[in-house]
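The values are calculated or read from the model by the stated rules, or taken from the named source; none is laboratory data. Note that the coordinates shown come from a computational prediction; the quantities given were computed from them, not determined experimentally. So basically every Cβ, Gly included, is an ideal-geometry build from the backbone, and we count neighbours across all protein chains shown. Just the protein is used for accessible areas: all its heavy atoms, side chains included, with ligands, DNA and RNA removed. Shrake-Rupley method; radii C 1.70, N 1.55, O 1.52, S 1.80 Å.
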Amino acid sequence: MTVRLIPYLVMNGNAKEAIQFYEKALNAQVLFSQSFGEMPENPEFPLPAEAKDLVSHATIKVGETELMFSDTFPGQPHQSGNQVTICISTNDADQAHKFFEALQEGGQVTMPLQETFFSPAYGNLTDKFGVSFQIFTEGKQH
C-alpha cells in the first residue's frame, strides 16, 4: 500500500496561467493536464462553452514533490482562502474508505466516496477543523 499527501490548488479560472508560472518559476514539469471539455460529458451537469478550456485536473512535479491543480467547476463558488486542499492519494481502495470514514467524523462531506471515471474510489470532505481533503484511489475503476 502507498499513501501520499499532495497539495491541491483550486484556482478561479487561471489554473493554466498558474501552471505556466510554476513551470518557469520552479522549473516544474507538467505530468498531466485535462480540461473540462476533455472529460466525459455528464447530461445532468451540462458544461458551459466558456468552461471547456478550464483545467479540470492537472499535476505538476517540482523536484520530488507533486502539486495538483484544477479550476473551480463552473457554477461552483470560489473563495480565496479555501483554494488549497490536501489530496490523500492511495492505491488501496479499502484504505481510502477508512481515511474517508475517519475524516468525515464531525466534518462535512462535499462529495461522497464513490467510483468515478478516473478513480475506483474518490470523494472530498471538510474535516471538523475546516481542512479540505480529497481522497483519491489510484487505478482503474472496476
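Only a single item in (1) more than 17 Å from P7 (Cβ to Cβ); (2) open to solvent by 50 Å² or more (accessible area, probe 1.4 Å); (3) touching a Pro at 6+ places or on another chain (Cβ under 7 Å) is not met by G139, and it is number (2). Of the residues making up segment 74-91, just one is touching a helix residue (DSSP H, G or I) at 6+ places or on another chain (Cβ under 9 Å), part of a loop (DSSP other than H, G, I, E, B) and of a type outside the set (G, A, S), namely P74.
Going through Q134, Q114 one at a time, which residue ends up being in contact (Cβ under 8 Å) with a residue 40 or more places away in the chain, under 28 Å from G13 (Cβ atoms) and outside any helix (DSSP H, G or I)? Testing whether each residue is in contact (Cβ under 8 Å) with a residue 40 or more places away in the chain, under 28 Å from G13 (Cβ atoms) and outside any helix (DSSP H, G or I) leaves just Q134.
Scanning segment 52-66 for residues that are at pLDDT below 90 and closer than 19 Å to N12 by Cα turns up nothing.
The residue that is most open to solvent (accessible area, probe 1.4 Å), counting only those in segment 76-102 that are farther than 14 Å from L5 by Cα and aliphatic (A, V, I, L, M), is A102.
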